[in-house]
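Below is one structure, written out as structure tokens, with a few remarks after it.
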Amino acid sequence: MEQRRTERSRRPFVLVLLESANLLKAGQRACKEIQKLLLNSFRETDIRGWYQNGCTLGLIFTEIGPGGDHSVGSHLVDRVRALLASNLNPYEAAQIQVTFYLFPEDWDKWGGLDEPILYPEAARSRKPSKIAKRFIDIAGSLSAIVIGAPLFAAAAIAIKMTSQGPVVYRQKRVGRYGRSFTLFKFRSMRVDNDHAVHREYVRNLIAGSVESAGTKKIFKLTNDPRITAVGKLLRRTSIDEIPQFFNVLFGDMSLVGPRPPIPYEVDSYEIWHRRRLLSVKPGITGLWQVNGRSRTTFDEMVRLDLQYSRTWSVWMDLKILLQTPRAVIIGEGAH
């Protein structure tokens with residue numbers, strides 16, 4: 001709830017975590033003392049509760065103010081530590097680790113975990129469905145690689161014969177939980193291009209200042225001079241996306257999921273846009289692509305991605321996969 005409020009108001013909050021494998025277990029004297037201290041020592045508007053029951057207590061300090069920074073979090077941590085030191089014996093106080101995260105600035109700090117610190121709901125277990133999704137990804141990508149081998153070879157020859165440079169283009173993209181990975185595509189542009197024009201276009205698109213999303217491919221420039229003649233055909237038919245089946249096989253992507261953004265796109269995101277990077281892996285195709293990507297604004301695309309993240313299922317993935325060929329044929333599924 002506080003995350004959503006911050007996304008709307010732009011007023012950050014600080015999450016302080018108190019962790020101890022021993023002292024915070026139910027029934028421990030120290031645990032009861034700590035809960036009583038936290039209840040009586042902070043504002044009524046601050047939120048106290050279990051972050052992970054039995055080992056981590058969480059404190060959310062709300063309404064920090066637009067100018068809030070990490071010095072506020074450090075000050076709050078010092079207050080909590082002083083409170084513990086004055087009410088617990090030195091041995092107990094030393095066993096409690098106190099850390100903080102400032103939302104939204106620390107939105108992408110995962111602390112080395114498999115899920116984001118500030119979005120624990122993103123990791124809610126749906127193991128059977130996730131296993132089935134991964135099975136479909138492996139089987140589907142292997143099948144596409146084997147069946148598409150002649151197309152791979154034809155595309156590689158066409159690229160090599162018509163322009164200088166590598167056949168496969170490697171690009172840094174942002175994946176699940178904000179982690180970077182290398183995305184593979186058949187090269188459709190000339191080498192050594194200046195991406196400043198596209199960076200500026202994307203920034204304007206995200207800000208909503210592109211005049212008509214319906215007359216331009218989202219995230220693509222009309223008549224982009226960087227694209228080769230063969231590259232135009234590869235993009236029009238989505239053949240340039242075929243190497244991404246290797247990304248799926250390696251586990252960086254899924255067959256179905258949100259589009260993986262370029263890092264400079266993420267730099268222009270509003271806070272709420274970043275939630276599209278949670279819950280599921282990025283995909284080759286997705287709900288946005290099969291719903292007419294050239295007719296949607298960026299915000300509408302994000303809403304479709306969030307809708308998919310909330311409601312995805314194996315059957316939804318299969319439905320999207322079946323709809324993708326039609327979207328590619330009419331030119332709306334390529335990205």
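For the range 171-210, the set of residues classified as surrounded by fewer than 18 Cβ atoms within 10 Å (Cβ to Cβ), among the β-branched types (Val, Ile, Thr) and closer than 22 Å to Gln244 by Cβ consists of Thr182, Val191, listed by residue number.
The residue list Gly140, Gly111 contains one member that is modelled with pLDDT of 85 or more and either farther than 30 Å from Val230 by Cβ or surrounded by 13 or more Cβ atoms within 10 Å (Cβ to Cβ) (or both), which is Gly140. Is it fair to say Val168 is at pLDDT below 90, of a type in the set (A, V, I, L, M, F, W, C) and either surrounded by fewer than 16 Cβ atoms within 10 Å (Cβ to Cβ) or under 26 Å from Leu277 (Cβ atoms) (or both)? Against the criterion (at pLDDT below 90, of a type in the set (A, V, I, L, M, F, W, C) and either surrounded by fewer than 16 Cβ atoms within 10 Å (Cβ to Cβ) or under 26 Å from Leu277 (Cβ atoms) (or both)), Val168 does not qualify. Being in contact with a strand residue (DSSP E or B) (Cβ under 9 Å, 6 or more places away or on another chain), in a helix (DSSP H, G or I) and either modelled with pLDDT of 90 or more or in the same structural domain as Gly178 (by TED's automatic domain parsing) (or both) is a property that Gln289 has. Of all residues in the range 27-40, those that are in a loop (DSSP other than H, G, I, E, B) have Cβ atoms under 8 Å from Cβ atoms of residues that are surrounded by 11 or more Cβ atoms within 10 Å (Cβ to Cβ), 6 or more apart or on another chain, in Gln28/Asn22. Of the residues making up the range 90-101, just one is crowded, with 19+ Cβ neighbours inside 10 Å and of a type in the set (Ser, Thr, Tyr), namely Tyr101. One residue stands out among those in the range 266-277 that are at pLDDT 85 or above and assigned to a loop (DSSP other than H, G, I, E, B): the one that is nearest to Leu306 (Cα to Cα), which is Tyr269. Starting from residues that are part of a loop (DSSP other than H, G, I, E, B), at pLDDT 75 or above and surrounded by 15 or more Cβ atoms within 10 Å (Cβ to Cβ), keep the ones in the range 48-89 and report whichever is nearest to the chain's Cα centre (by Cα). Only one residue tops the list, namely Thr62. Does Arg176 satisfy being modelled with pLDDT under 90, more than 30 Å from Ser313 (Cα to Cα) and basic (Lys, Arg)? When the stated conditions are applied, Arg176 does not pass them. Being outside any helix (DSSP H, G or I), hydrophobic (A, V, I, L, M, F, W, C) and either closer than 22 Å to Ser129 by Cα or without any contact (Cβ under 8 Å) to a residue 12 or more places away in the chain (or both) is a condition met by at least one residue of the range 302-324.
Can Arg187 be described as in the same structural domain as Pro260 (by TED's automatic domain parsing), out of contact with any strand residue (DSSP E or B) (no Cβ under 6 Å at 6 or more places or on another chain) and closer than 18 Å to Pro260 by Cα? Here the answer is no, as Arg187 does not meet what is asked.
Among the conditions (1) surrounded by 22 or more Cβ atoms within 10 Å (Cβ to Cβ); (2) modelled with pLDDT under 90; (3) over 24 Å from Ile131 (Cα atoms), Asp240 misses just one, which is (2). One residue stands out among those in the range 246-290 that are without any contact (Cβ under 8 Å) to a residue 40 or more places away in the chain and of a type in the set (A, V, I, L, M, F, W, C): the one that is surrounded by the most Cβ atoms within 10 Å (Cβ to Cβ), which is Trp288. Taking the stated definitions as given, is Arg199 modelled with pLDDT of 85 or more and closer than 17 Å to Pro166 by Cβ? So Arg199 fails the test. For the range 325-335, filtering for residues that are assigned to a helix (DSSP H, G or I) and either modelled with pLDDT of 90 or more or touching a Ser or Thr at 6+ places or on another chain (Cβ under 6 Å) (or both) leaves 1. Going by the structure shown, is Val280 closer than 21 Å to Ala327 by Cβ and assigned to a loop (DSSP other than H, G, I, E, B)? So Val280 fits the description; yes.
How many residues are out of contact with any Leu (no Cβ under 9 Å at 6 or more places or on another chain), of a type outside the set (Asp, Glu) and either more than 14 Å from Pro261 (Cα to Cα) or modelled with pLDDT of 90 or more (or both) when one looks only at the range 202-217? Count: 9.
The values are calculated or read from the model by the stated rules, or taken from the named source; none is laboratory data. These numbers come from a predicted model, not from an experiment. Neighbour counts are summed over all protein chains in view; Cβ atoms, including those assigned to glycine, are modelled from backbone coordinates with ideal geometry.
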